[in-house]
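*Asks:* Dropping a structure here in structure tokens format, bear with me for questions.
Nothing in this text is a laboratory measurement; each read-out follows from the coordinates by a stated rule. Everything numeric here is computed off the predicted structure, so don't read it as measured data. Because the Cβ atoms are built from the backbone with ideal geometry, glycine has one as well, and the counts that use them run over all protein chains shown.
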Amino acid sequence: MALIKLTSSEINFYKNFYEKRLSDKYKNNNFFKSIFKQIFEKGNISNKQKDELDFLMKNGKSRYETKSSLNESDLKYITKLNNFTIKDDGKLFYKDEEIGKALMYVSTYKGIKNIHLAEIIINEEKRNQGLLKLFMEELIKYSETNKLIITVNPSDAYGVNRNTLIQIYKKFGFIENNYSDDNFLMDELYRLPKSSLNEEKETTYEYGCLMMIAELKSWNKVLNLIDDNDLYLDESGKYGKEKEPHVTILYGLHNDVSLEQVKDKINNVKLPIEAKIVNISIFDNKDYDVLKFEVESEELNKLNGLMEELPYTSDFPDYKPHMTIAYLKKGCSEKYINLFNFEKSYRIDFSKFEYSEASGKKTIW
């Protein structure tokens, strides 16, 4: 986790905010407690922590509590499970019987769709009847079907001890958040759909593909320039930002092309492969736009030629290496074209191969 060393004046600024402006609600929130503890005890902060804290200081609320931080077109309130219905006033019904209150919605945050369970209250007279268990089972089934993460912040504001709630959620497969930089979530607990854990194994493709992975430490800085509201995501939450910078050598290798055959072809290639990023451009698709860096390299061209000696099928007669940055909604890509100054090229090295077989098996070396 990359850390930013704070100056004494910056630490005093955060201390003043903590003591004079921060409400008890956030002082008692585990996420923000961990941030301020790190600031006061160690004098540093991560990029993610700073981003979330700056948002709180500017808006007076955390991201999930501020609807303006969400793209309303991507915000979908869940009002119906199998046996449960949530009315417009928040009242929760089991079949035709009112049993409490609930609020939950599907939103897009950091390019990933997830369900946020903002509120679930079972009326006192309806408790200990297994209704919460049944509600959670139906919600989990919904998340599994749609391959969505569920997030929640347990609270003792409604008469149930927060630590007790945490243990209850854990029984349903929720995990405590460690707030690492690799974890985009800011909620205390989250649950991954089991289907997503095996998705990579189950995914199959029409053809095999050889790619090279780039050494680019600044890739996250590039992705942070893309507004999450501009991202194109399908119903399963796929597409969005390209998290691993890479260039495709050849897509279209036939099913009978083995990993050994691919390795034999490139056995004498010396790594890393040097290339240049020379421009940023858009590939127009029917459903979305692809924002990409154009790449030039004689070595990449040679690799493509070697792969074309193996059985393959392709609709593209010319090889034009590129690195996809993000998949964007139609009409949202033009504003990113001038983000970078391409009066000069930028060197980039590719040091690893990745071969995805048609079966879905991936090998990196």
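*Asks:* Give the distance, in whole Å, between the Cα centre of the stretch 311-342 and the Cα centre of the stretch 76-136.
*Replies:* So the two Cα centres are separated by 41 Å.
*Asks:* What list do you get for Met323, Met104 if you sort them by fewest beta carbons within 10 Å?
*Replies:* Met104, Met323
*Asks:* Would you calculate, for the chain, the mean residue ellipticity at 222 nm contributed by helices, counting each DSSP H stretch of 4 or more residues as -39,500 (n - 2.57) and dividing by all residues, to the nearest 500? Kindly include the intermediate steps, with their values, before the conclusion.
*Replies:* Details: 11 runs with 100 residues, N = 365.
For the chain, the value works out to -8000 deg cm²/dmol.
*Asks:* Quick one: Arg127, Arg21, Arg347, fewest Cβ neighbours within 10 Å first, how do they rank? Don't skip to the end; give the middle numbers.
*Replies:* Values: Arg127 15, Arg21 11, Arg347 8.
The most exposed by this proxy come first: Arg347, Arg21, Arg127.
*Asks:* Further, regarding this structure: Lys292: which lysines have alpha carbons under 16 Å from its alpha carbon, excluding same-chain residues fewer than 8 sequence positions away?
*Replies:* The qualifying lysines are Lys221, Lys241, Lys243, Lys276, Lys320, Lys329, Lys330, Lys335.
*Asks:* Can you give me the three principal axis dimensions of the chain from its C-alpha atoms, in Å, biggest first?
*Replies:* If we take the Cα atoms of the chain, the spans are 73, 55, 37 Å.
*Asks:* Also: Let me check against my output: what whole-number percent is the relative contact order of the stretch 200-364, with C-alpha pairs under 8 Å and at least 6 apart?
*Replies:* Details: 311 pairs, mean separation 64.7, N = 165.
RCO, the stretch 200-364: 39 percent.
*Asks:* On average, how much area does the Cα convex hull of the stretch 78-154 cover when viewed from any direction, in nm²?
*Replies:* Values: hull surface 21.0 nm².
Computed as one quarter of the Cα hull surface, the answer is 5.2 nm².
*Asks:* Dipole of the stretch 261-363, Cα-centred, from +1 at each Lys and Arg C-beta and -1 at each Asp and Glu C-beta, to the nearest 20 debye? Walk me through the numbers on the way to the answer.
*Replies:* On the way: 16 positive and 18 negative charges, 76 e Å.
In debye, rounded to 20, the stretch 261-363 gives about 360.
*Asks:* I want the local charge near Lys352. Using Cβ-Cβ distances under 11 Å, sum +1 for each Lys or Arg and -1 for each Asp or Glu among the other residues. Numbers along the way, then the final one.
*Replies:* Working: positive: none; negative: Glu215, Glu244, Asp349, Glu354.
With Lys, Arg at +1 and Asp, Glu at -1, the net is -4.
*Asks:* Still on this structure, please answer the following. Taking only Cα atoms and a 10 Å spring cutoff, compute GNM fluctuations for the chain and point out the largest among Phe342, Phe36, Phe84.
*Replies:* Judging by the Gaussian network model, the answer is Phe342.
*Asks:* Still on this model: Treating the stretch 304-363 as a set of equal point scatterers at the Cα positions, no solvent, please give the Debye-formula log₁₀ I(q)/I(0) at q = 0.23, 0.25, 0.26, 0.30 Å⁻¹.
*Replies:* -1.22, -1.24, -1.26, -1.36
*Asks:* Looking at the chain, what % of its DSSP beta bridges pair antiparallel, to the nearest 5? Provide the component values of the computation, followed by the final result.
*Replies:* Details: 67 of 71 bridges.
Percentage antiparallel, nearest 5: 95.
*Asks:* Based only on other Cβ atoms within 10 Å, what is the fewest-to-most ordering of Val269, Val152, Val106? Walk me through the numbers on the way to the answer.
*Replies:* On the way: Val269 13, Val152 22, Val106 18.
Fewest to most other Cβ atoms nearby, the residues stand as Val269, Val106, Val152.
*Asks:* Quick one: check the C-alpha center-to-center distance for the stretch 1-42 versus the stretch 252-288, whole angstrom.
*Replies:* Rounded to whole Å, the Cα centres lie 45 Å apart.
*Asks:* Stokes-Einstein D for the stretch 200-364 at 25 °C, 0.890 mPa s, Kirkwood Rh over Cα pairs, in µm²/s? Each step should come with its number before you reach the end.
*Replies:* Working: Rh = 16.9 Å.
It diffuses with D of about 146 µm²/s by this estimate.
*Asks:* Tell me, what is the percent relative contact order of the chain, built from C-alpha pairs under 8 Å that lie six or more residues apart?
*Replies:* Details: 577 pairs, mean separation 51.6, N = 365.
Averaging sequence separation for qualifying contacts and normalising by length gives 14 percent for the chain.
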